[in-house]
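This report concerns only the one structure given below.
The numbers here are math on the coordinates, done by the rules we state, and not lab data. This is a predicted model, so every value here is computed, not measured. Here Cβ is always computed from backbone atoms with ideal geometry, including for glycine, and neighbour counts include all displayed protein chains.
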Amino acid sequence: WQPSDIDPRALRSIAAYTEAMQVPNVLPPILLDVSQGWETWGGTRPATLDLLVSINMMHIAELRCTEGLFKGAGVLLKPGGVLFTYG
């Protein structure tokens, strides 16, 4: 897993929690603004992701963020990959 957030405070919280829980399968969180092009999403290469998860973003963010999420997912997900949204 590669957590991300746009809020630096949330990134610090994620990092502290994963360190405290000693979670071995979680990478350090990255700053990610889905309204920016997928090229800024932590160096992820096209068609390399099996799964992209978005939780509690679309209902509170501007429309351009949802549009960016779908555009980025279209590029970064492997054929048959899944974009899972919740909240």
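Could you give the dipole magnitude of the chain about its Cα centre, charging the beta-carbon of Lys and Arg +1 and that of Asp and Glu -1, in debye to the nearest 20?
120
Given that just one value was derived from the coordinates, which of (1) 6.1; (2) 11.0; (3) 5.7 is mean projected area of the Cα convex hull in nm²?
Given (1) 6.1; (2) 11.0; (3) 5.7, the structure-derived one carries the label (3).
For the chain, take the longest principal axis of its alpha carbons; what is the angle in degrees between that and the long axis of helix 63-76, to the nearest 10 within 0 to 90?
90
May I ask for the net charge around residue 36, where only other residues with Cβ less than 11 Å from the Cβ of residue 36 are counted and Lys, Arg are +1 while Asp, Glu are -1?
Details: positive: 64, 71; negative: 33, 39.
That works out to 0.
What relative contact order, as a whole-number percentage, does the chain give when Cα pairs under 8 Å and 6 or more residues apart are counted?
Reported relative contact order: 29 percent.
From the residues 25, 35, 49, which one has its Cα farthest along the dipole of the chain in the positive direction, the dipole being from +1 and -1 charges on Cβ of Lys/Arg and Asp/Glu about the Cα centre?
Sorting the options by dipole projection puts first 49.
As a check on your grasp of the helix formula, calculate [θ] at 222 nm for the chain: sum -39500 (n - 2.57) over DSSP H runs of n ≥ 4, divide by the residue count, round to the nearest 500. Could the numbers behind the result be given before it?
Values: 2 runs with 28 residues, N = 87.
It lands at -10500 deg cm²/dmol.
Any chance you could give the angle, 0 to 90 degrees and rounded to 10, that helix 8-21 forms with the longest Cα principal axis of the chain?
Helix 8-21 and the main axis of the chain meet at about 60 degrees.
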